[in-house]
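This report concerns only the one structure given below.
Readers should treat all values here as calculations from the given coordinates under stated rules, not as data from a laboratory. Every value quoted in this text rests on a predicted model; they were computed, and no experiment measured them. All Cβ positions, even for glycine, are placed from backbone atoms using ideal geometry, and neighbour counts span all protein chains on display.
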Amino acid sequence: MFRGRFEHTIDPKGRVSIPAKFRELLGEKYDDRLIITTDLEDPCLVAFPYEEWVKVEEKVSSMSLVHKDVKAFQRIYISGALECPIDKLGRVLIPPILRSHAQLEKDVVFAGMLKKFEIWNKERFFETIRKGDGNFEKMGETLAGLGL
């Protein structure tokens, strides 16, 4: 599972090193392909190991194609997904269209999210964390309802 937060720098060509802990997990459990897409709510990117992304696609392909929300989800999440291989140096090239969505220019944060991880503009990530600090009571209620 992907856990933890790691700060890295994206180079002018759009390449960024995958955190060592994430690379270890990818090497042990998955291959060297990532599918990176835009997040539905936040200005960040979501990266899936290829094998986990296939599971997402299988679920989505079994949904009704005429349902308005399913079409919107596909339009945003599926059409925004691009395969981004990891090079021999452990870097991934994030395409310009994805960098633009998440406003990735220099400093980025990788945030582990169990079977996937997020890639954020560093300032926006910590701003989002600060905004969430006041919602712990509501968050606690939701998590308690889930048995956590």
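Checking Tyr50, Tyr77 one by one, the residue that is more than 20 Å from Val16 (Cβ to Cβ), touching a strand residue (DSSP E or B) at 6+ places or on another chain (Cβ under 6 Å) and touching a residue at least 24 places away in the same chain (Cβ under 8 Å) is Tyr77 and no other.
Looking at Pro12, Pro19, Pro95, Pro85, just one residue is in contact (Cβ under 8 Å) with a residue 60 or more places away in the chain and surrounded by fewer than 16 Cβ atoms within 10 Å (Cβ to Cβ), and that residue is Pro95.
The set of residues from segment 1-41 being assigned to a strand (DSSP E or B) and of a type in the set (Ser, Thr, Tyr) comprises Thr9, Ser17, Thr37, Thr38.
Out of the residues in segment 71-93 meeting the condition of being among the aliphatic types (A, V, I, L, M) and assigned to a strand (DSSP E or B), tell me which one is nearest to Ile35 (Cα to Cα). I'd like the intermediate steps shown before the answer.
So in segment 71-93, the residues among the aliphatic types (A, V, I, L, M) come out as 72, 76, 78, 81-82, 86, 89, 92-93.
Then drop every residue that is not assigned to a strand (DSSP E or B), which leaves 82, 86, 92-93.
Numbers: Leu82: 5, Ile86: 11, Val92: 11, Leu93: 11 Å.
This residue is Leu82.
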